[in-house]
Amino acid sequence: MKIQESGEMYLESILVLRDKLPQVRAIDIVNYTGYTKPSISRALGLLKQDDLISVDKSGYITLTTKGENCAIKIYERHKVLTEFFVQIGVDRTTASADACKVEHVISDETFNKIKDHISDKNE
């Protein structure tokens, strides 16, 4: 199943927020991403429909196993690409912003080569 870039971004946001907050709600995602409540609401509906998240009656959002696997993959890409860009001389803020764009379109092959390259340099 191919998830749209925006869906991947929301899953990644939920993962990051989950590590910072006791519970994640839609308003937390609004505050974290800066997107509007209607945009978040629509995205969450689609993620729920695709069984990537669940929302309880109190509005607390959790990742399903499928959603968590996707979020972890995207977040790993973000961290590795940010580090790669920093290593080649890009300032961390720009590197993180660029990684956020690239993480959704880079091939597995290219990503794995970058990951291997960083691992080799850190050994």
If you take the charge dipole of segment 44-118 about its Cα centre, with +1 on Lys and Arg Cβ and -1 on Asp and Glu Cβ, which of G89, F111, A71 is farthest toward its positive end? A71
For the chain, the helices passing both cut-offs (Cα extent along own axis of 24 Å or more, Kyte-Doolittle mean at least -1.0, full DSSP H runs) are 65-87
Filter the cross-link list K37/K57; K37/K113; K37/K115; K57/K79; K57/K101 down to pairs whose alpha-carbon distance in this structure exceeds 27 Å. K37/K113; K37/K115; K57/K79; K57/K101
Could you give the accessible area per residue of segment 17-99, probe 1.4 Å, as a whole number in Å²? 61 Å²
Residues whose built amide H sits under 5 Å from the amide H of T64, excluding neighbours closer than 5 in sequence, are I53, S54
Divide by every residue of the chain the summed helix terms, -39500 (n - 2.57) for each DSSP H run of at least 4, and state the resulting mean residue ellipticity at 222 nm, rounded to the nearest 500 deg cm²/dmol. -22500 deg cm²/dmol
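The values are calculated or read from the model by the stated rules, or taken from the named source; none is laboratory data. Values in this document were obtained by computation on a predicted structure and should not be read as measured data. Because the Cβ atoms are built from the backbone with ideal geometry, glycine has one as well, and the counts that use them run over all protein chains shown. Surface areas here come from the heavy atoms of the whole protein model, side chains and all, with no ligands, DNA or RNA. Shrake-Rupley method; radii C 1.70, N 1.55, O 1.52, S 1.80 Å.
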